[in-house]
Amino acid sequence: MTEMLLTGPKEGLFTETLREQMDTWIAKYPAGQAQSAVIPCLHILQAANEGWLTTAIMDALASYLSIPAISVYEVATFYTMFELSPVGKHKISVCTNISCMLCGSEKVMQHIEQKLNIKPGQTTEDGLFTLKEVECLGACVGAPMMLVDKQYHEFLTEDKIDDILDRLNS
């Protein structure tokens, strides 16, 4: 884990920079509604911890927001954008919902699996890529599509996939 958690009172659970980032989001909600900031706070903390969340981080966030830990766990386990175990440097999320499926997402997934020699939920041996199958990324018009890190790639073909992965691999 990175230098995220500090020892001390509640105010010292996270680095000053992380507290400032989270406090910006918390301030957007009415007093007593800090739980509303769980999603943006989880994004901040996940980014600061090499792309994944530990139980200790989630517990510390619950304490920081003065909410039950289960309220943080429910969010972190429901949304596919949050990772509860280490991931590769680049996370590839392939949409397999109906529009993408009808336009060939199965072939997209098979091609990526063969190219990277991993299955969904796995990370390449070099730690560069993690592959995920996700329900919907909200870009049905560009099916089949995938999200790589935070960038959408639509109208996928094998050549386009190869170009994307080769650029990330160099």
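Just to be sure, is CYS41 out of contact with any His (no Cβ under 7 Å at 6 or more places or on another chain), within 30 Å of MET145 (Cα to Cα), buried (at least 19 other Cβ atoms within 10 Å of the Cβ) and in the same structural domain as VAL141 (by TED's automatic domain parsing)? For CYS41, the condition - out of contact with any His (no Cβ under 7 Å at 6 or more places or on another chain), within 30 Å of MET145 (Cα to Cα), buried (at least 19 other Cβ atoms within 10 Å of the Cβ) and in the same structural domain as VAL141 (by TED's automatic domain parsing) - is not met. A Cβ distance below 9 Å, combined with a sequence gap of six or more or placement on separate chains, defines the contacts here; from the range 33-56, residues that are aromatic (Phe, Trp, Tyr) reach residues that are part of a loop (DSSP other than H, G, I, E, B) in the pairs TRP52/PHE82; TRP52/GLU83; TRP52/LEU84; TRP52/SER85; TRP52/PRO86; TRP52/VAL87. Which of the following residues is surrounded by 13 or more Cβ atoms within 10 Å (Cβ to Cβ), in the same structural domain as THR15 (by TED's automatic domain parsing) and in contact (Cβ under 8 Å) with a residue 24 or more places away in the chain: TYR64, TYR73? Answer to the check: TYR64. Of all residues assigned to the range 84-100, at least one qualifies as being over 21 Å from the mean Cα position of the chain (by Cα) and surrounded by 14 or more Cβ atoms within 10 Å (Cβ to Cβ).
Scanning the range 64-92 for residues that are of a type in the set (Phe, Trp, Tyr) and under 21 Å from ALA31 (Cα atoms) yields a single hit, TYR64.
The values are calculated or read from the model by the stated rules, or taken from the named source; none is laboratory data. Nothing here was measured: the structure is a model prediction, and the numbers come from that model. Note that each Cβ is placed from the backbone with ideal geometry, even for glycine, and that neighbours are counted across all protein chains shown.
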